[in-house]
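A short write-up of the structure that comes next.
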Amino acid sequence: MSQVSPDSLFKSFQAAFPDLPSHTVFEVGLSGGLDSVVLLHLLHRMREFRYFDLRAVHVHHGLSTNADSWAKFCQDYCQRLNVALRVCRVNVEKQGKGLEAAARAARYQAFSDGLKKIIVLAHHRNDQIETFMLSAVRGGGLRGMAAMPVWRDLNEEIQIWRPILAFSRQELVEYAQQWGLSFVEDESNEDSGYLRNWMRNQALPQWQQRIPNFEQQICANVRLLQEDLQLLDELIESEYQRISPNGIFSVSLWRQCTPLLRRRLLWYFLRKQTESLPSYHSIADFARVLETADQAQLNLSDGELVAYRDKLFVCQESEFQKLPWCNGSEVRGRLKDILLENGFVLLPFKGGLSEEELEKQAVLRSVVKGDVIHSGEREKSVEKLLQECHIVPLVRKYWPIILSMGNKCLAVVNLRVGSDVQIGEGYLPVHEKLAKYIAEK
């Protein structure tokens, strides 16, 4: 029996609509299925009462022979509602994940198109219950069983909003019938080879028959777990701020915490720094090493977690491979131009480069063995300079230096200008993203 009539469903949706600026962009994840079709219709109706920019995105996974027809359905539906639609074709790469997880990762990657917006997803109450149960049997812990929040950040630019979590699928069916909405059916939803489908089609109906108010009790548990999780995150954040003055993770302050809190703080630090989180067991092993060792490393899927000189650093290979002076490449041109065009700033510096030097042709590349820079009356190895300035060891091979066209090292970025070219009041080239890898100046 439905608890919310089709007419009152929209009123409930309207009453819970967030108070946001009028220029807010909502982009609905539109698969063409019942849930997302109803969600887009609800938001379309809301435009009569609130002003916002409504769009939709259809992720074309290419996993079904019907994928093209689903995309066409979404295009036709959006055209009738006068809603802009982008169709994003993705390649689903498992990379050690199950097909469901890989497809989900591809969808979320498609959502991240660089625009500031709110992605609106059509998860409903039944989805929430399935997520809770699946996490329970998979060992997802508190975070997993807290299931899906109504709001969460995808990244710095994008928020995820799930406005119909309170409604059941049956209520959405009744709404679609009232408005004569058509939708597509994904044939894979009937394949009980997928654990979620088996849970939905076979296991949960038996639980619902056996236990009165099963759905309400599960949802009540999810709400309590979400509150517990929020409280835990607030406490961890408070402790994290204490051990990370100025945003720098202090290993010595971390060691003063209890063992359990130490593991949680490491996990929290990694979650802030990277999406490639290692297993909880790997973090626990790293914590045990870090309790006594001055230096330690933990392999990540895209780099390393490094403890160096009482600080923690996440060094991601992809971050450096994007830099134009790495991987054996170099940048040539007027020095001021190649610096400013590649993310550097020129800071006033006693013993810096002159304006005249900045106008000359130069080369920007990463350091290699044998590079030297003038230091007083002698030449100093650039590798030795990086060590003395406490650059994180894994980052040293990517560190940029500036050379004249005659292959003389003029400056080591962020650190030093050669004594044979420096002037009293000059400029030091600085790349701000590299500054975080200086453990101590």
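With the full set of protein chains in place, find how many percent of the accessible area of the stretch 109-244 is carbon and sulfur; take the probe as 1.4 Å. All intermediate terms of the calculation are to be shown ahead of the outcome.
Values: 3820 of 7450 Å².
Summing carbon and sulfur atoms, their accessible area is 51 percent of the total for the stretch 109-244.
Each of Gln206 and Glu359 was given a label point 7 Å from its Cα along the Cα-to-Cβ line. The distance between the two points is 8.4 nm. Which FRET efficiency value, to the nearest 0.05, do you get for Asn213 and Asp153 by plugging their Cβ-Cβ distance into 1/(1 + (r/R0)^6) with R0 = 25 Å? That gives a FRET efficiency of 0.15. Counting only alpha carbon atoms, the long axis of helix 280-290 and the longest principal axis of the chain meet at about 30°.
Over the chain, calculate the relative contact order: mean separation of alpha carbon pairs under 8 Å at least 6 apart, over the residue count, as a percent. Kindly include the intermediate steps, with their values, before the conclusion.
Values: 637 pairs, mean separation 44.2, N = 441.
Computed value for the chain: 10 percent relative contact order.
For Met405, the accessible area of its heavy atoms, probed at 1.4 Å with every protein chain present, is near 110 square angstrom. Protein heavy-atom accessible surface, 1.4 Å probe, per residue over the chain: 53 Å². Past the 29 Å Cα-Cα mark, which pairs from Lys350/Lys380; Lys272/Lys369; Lys72/Lys322; Lys322/Lys350? Table pairs above 29 Å Cα-Cα are Lys272/Lys369; Lys72/Lys322; Lys322/Lys350. Among the protein heavy atoms of the stretch 331-436, carbon and sulfur supply 49% of the accessible surface, probe 1.4 Å, non-protein parts ignored. Classified by the C-alpha gyration tensor, the stretch 7-209 has a rounded form. Its axis ratio a/c, with a ≥ b ≥ c, is below 1.5.
For the stretch 248-320, what % of the accessible area comes from carbon and sulfur atoms, probe 1.4 Å? Walk me through the numbers before you get to the answer.
On the way: 1700 of 3630 Å².
Carbon and sulfur atoms account for 47 percent of the accessible area of the stretch 248-320.
Under a Gaussian network description of the chain, with springs only between Cα atoms under 10 Å, the residue in Lys408, Lys380, Lys369 that fluctuates furthest is Lys369. The length gained by stretching the chain between Lys433 and Ile248 to full extension, at 0.36 nm per residue less their Cα-Cα distance, is 65.2 nm.
Direction-averaged shadow area of the convex hull around the Cα atoms of the stretch 331-436, nm²? Please list the in-between numbers first.
On the way: hull surface 24.4 nm².
Over every viewing direction, the Cα hull of the stretch 331-436 projects on average to 6.1 nm².
Between Phe49 and Lys72, the FRET efficiency from the beta-carbon distance, with R0 = 41 Å, is close to 0.85. Summary of the geometry: the stretch 131-192 and the stretch 410-441, compared by the centres of their Cα atoms, lie 51 Å apart.
Taking 0.36 nm per residue of sequence separation and subtracting the Cα-Cα distance, how much length would be gained by fully extending the chain between Ser8 and Trp179, in nm to one decimal?
Using 0.36 nm per residue and subtracting the Cα-Cα distance, I get 60.2 nm.
The distance between label points at Thr65 and Glu237 comes to 5.0 nm (points 7 Å beyond Cα on the Cα→Cβ vector). Name the shape class, rounded, prolate or oblate, that the alpha-carbon gyration tensor gives for the chain, where a ≥ b ≥ c are the square roots of its eigenvalues, rounded holds for a/c under 1.5, and otherwise prolate holds if a/b is larger than b/c and oblate otherwise. Prolate.
Counting only aspartates and glutamates at least 8 places from Lys384 when in the same chain, those with an alpha carbon closer than 20 Å to its own are Asp371, Asp420, Glu440. Estimated from helical segments only, the mean residue ellipticity of the chain at 222 nm is -11500 deg cm²/dmol, where each DSSP H run of four or more residues counts as -39500 (n - 2.57).
The values are calculated or read from the model by the stated rules, or taken from the named source; none is laboratory data. Source: prediction; values computed, not measured. Cβ atoms come from the backbone with ideal geometry, glycine included; neighbour counts cover every protein chain shown. For accessibility, only protein heavy atoms count, side chains too; no ligands or nucleic acids. Shrake-Rupley method; radii C 1.70, N 1.55, O 1.52, S 1.80 Å.
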